[in-house]
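The values are calculated or read from the model by the stated rules, or taken from the named source; none is laboratory data. Please read these numbers as outputs of a predicted model, since none were measured by experiment. Ideal geometry is used to build each Cβ from the backbone, glycine not excepted, and the neighbour counts take in all protein chains shown.
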Amino acid sequence: MTPLGVAVRGVLRDGVEAYRDSPQATAWLRQHLARFEEPLRVAIAGKVKAGKSTLLNALVGEEIAPTDAGECTRVVTWYQDGPSPKVLMIPREGRPRPLTVARRDGALTIDLGGTPAERVDRLVVDWPSQSLRTTSLIDTPGIASMSADTSARAGAFLVPEDAPAPADAVLYLMRHLHVSDVRFLESFHDQGVAKAAPVNTVAILSRADEIGVGRLDAMASARQIAGRYRRDDKLRSLCQTVVAVAGLLAQSGRTMRQAEFTALATLAKAEASDTEPLLLSADRFVRASETAPLDPETRAALLDRFGLFGVRLGITLIRRGTDDPGALSAELVKRSGLDELRTVLTTQFTERRDLLKSRSALLALELVLAREPIPASVPLAREVERITAGAHEFTELRLLTALRTRVVTLPKDVRVEAERLLGGDGGTASARLGLEPSADPAQLREAALAALGGWQRRAESPLSDRSQVGTARTLVRTCEGLLASLPR
Ligand SMILES: Nc1nc2c(ncn2[C@@H]2O[C@H](COP(=O)(O)OP(=O)(O)O)[C@@H](O)[C@H]2O)c(=O)[nH]1
Ligand SMILES: [Mg+2]
């Protein structure tokens, strides 16, 4: 654990001790102490049908989140690693109740057992999975969804009035950038401690395969659009970065069955004159036909699982020689953008775990201090203040936000370097210094020394104004920290 993590855990424990006479405050703080030790919690948010549940399945590599409409997709559902599959329903009122777990066609189905979705606070699914070990995933109902109530619940879950959000970080899915997406991202700002919104949000251009109306270069276009969004000032001030992902392709690639490969291979090997007309549109693909390969049901099932783009891509890859299911599924996943997303999740969230957890924990403690003032709140508040002001990680975070929201301005090339050094592209030494992950310590040292020299000159330059001097001093400290972290 980082020194920041140790300090935060310490002040939380002091809080539990100080509030031992208040059962409510103690329970709240204990819960947050436990949460501090737990895996990072990442919520998946966005409008209905943005592809949230499908992406969750792609990340886990199994069909555990129900997709499309249905009662369960209207309830906030947590997926966490556990020794055996288990579903717990937490109602708004009354005791938590276990639900039965069933699988249909490989997919997990959850039955609320007659309880209306409105009465359910959340479902907690335990699922043995390597991918859930470092992060728990939270599937949320859509924002601005079918009923105002469902949407209000999703909103209240992600941006509670005055409590820290139950999630430490958010993946925000959008199909195309829409005003309501921007509004939602704007509302997802923390209050209180460690004010910094963009840092725990990554935006995803979802269902990316649909961007080119199924053309085989769809993913290239989607990546270009994501690149444009990344450079957009408004979006930069709201999220860390934007990645394009075709969740369905990733999900079905990771869970492809032998029969599906066989069906795709049948299409690939049939006469082009019989297959090509089918591939013109989704409607044509499922239409009954005398000459078309495969029966309409098999075709409909393929379309459902892979989308028209996935079917086309699968057929093309098989024709070009990808002739076993393992190789095909690997290629589909590779083209889906899932690996890029995973890298972003690691650099933006997992490597910043302590920082993100600390923000959530300090917010929780601040809330108690404000709601239930006791004599001990004063020194506790001072300690929270000392940690947030003293931890260089928080200073970096505030500066990164200030640069991204243009509260602090610098010439463009200098700003780009500053954002990168502050961890905007990832927290490792090589990411901060703009070098390849394989860079050796000597190269890292050389780059860190060069950066340090530049920022020292800016800190001392008579041409720098006060805010620029402040910024430069923070970066000097960042560079010194980087140098100190390198092996001699
Ligand atoms: N073509 C395509 N369809 C997708 C993709 N992701 C999801 N879908 C489809 O969109 C519908 C809604 O997906 P779902 O994951 O339930 O969306 P949610 O409401 O945001 O959870 C389903 O029919 C999915 O098969 C994708 O990446 N590409
Ligand atoms: Mg869903």
Q) In the stretch 49-99, what residues are aliphatic (A, V, I, L, M) and either near ligand 1 (Cβ under 9 Å from one of its atoms) or in a strand (DSSP E or B) (or both)? A) ALA50, LEU55, LEU56, ALA58, ALA65, ALA69, VAL87, LEU88, MET89, ILE90, LEU99
Q: Residue by residue through the stretch 27-47, note down the ones that are surrounded by fewer than 18 Cβ atoms within 10 Å (Cβ to Cβ) and either part of a helix (DSSP H, G or I) or near ligand 2 (Cβ under 9 Å from one of its atoms) (or both).
A: ALA27, ARG30, GLN31, ALA34, GLU37
Q: Kindly indicate whether ARG382 is assigned to a helix (DSSP H, G or I), within 17 Å of GLU366 (Cβ to Cβ) and modelled with pLDDT under 85.
A: no
Q | Exclusive hit being of a type in the set (S, T, N, Q), under 29 Å from the mean Cα position of the chain (by Cα) and within 16 Å of ligand 2 (Cβ to nearest atom), set GLN240, GLN251 | A | GLN251
Q: From the list LEU452, LEU399, LEU444, pick out the single residue that is touching a residue at least 12 places away in the same chain (Cβ under 8 Å), touching a helix residue (DSSP H, G or I) at 6+ places or on another chain (Cβ under 9 Å) and either over 27 Å from GLU340 (Cβ atoms) or not in a helix (DSSP H, G or I) (or both).
A: LEU452
Q. Given the structure, is SER136 away from ligand 2 (no atom under 14 Å from the Cβ), of a type in the set (S, T, N, Q) and at pLDDT 95 or above?
A. yes
Q. Based on what the data block shows, is THR2 surrounded by fewer than 19 Cβ atoms within 10 Å (Cβ to Cβ), away from ligand 1 (no atom under 16 Å from the Cβ) and modelled with pLDDT under 90?
A. yes
**Q.** Only listed residue being touching a strand residue (DSSP E or B) at 6+ places or on another chain (Cβ under 7 Å), more than 16 Å from ligand 2 (Cβ to nearest atom), part of a helix (DSSP H, G or I) and at pLDDT 90 or above, chosen from ALA263, ALA203, ALA222, ALA259
**A.** ALA222
**Q.** Matching residues, the stretch 92-119, being touching a helix residue (DSSP H, G or I) at 6+ places or on another chain (Cβ under 7 Å) and loosely packed, with under 15 Cβ neighbours inside 10 Å
**A.** ARG92, GLU118
Q) Restricting the search to the stretch 201-248, which residues are within 14 Å of ligand 1 (Cβ to nearest atom), under 23 Å from ILE138 (Cβ atoms) and touching a residue at least 60 places away in the same chain (Cβ under 8 Å)? A) ILE204, SER206, ARG207, ALA208, VAL243, ALA244, VAL245, ALA246, GLY247, LEU248
Q | Matching residues, the stretch 272-297, being crowded, with 17+ Cβ neighbours inside 10 Å and not hydrophobic (A, V, I, L, M, F, W, C) | A | THR275, PRO293
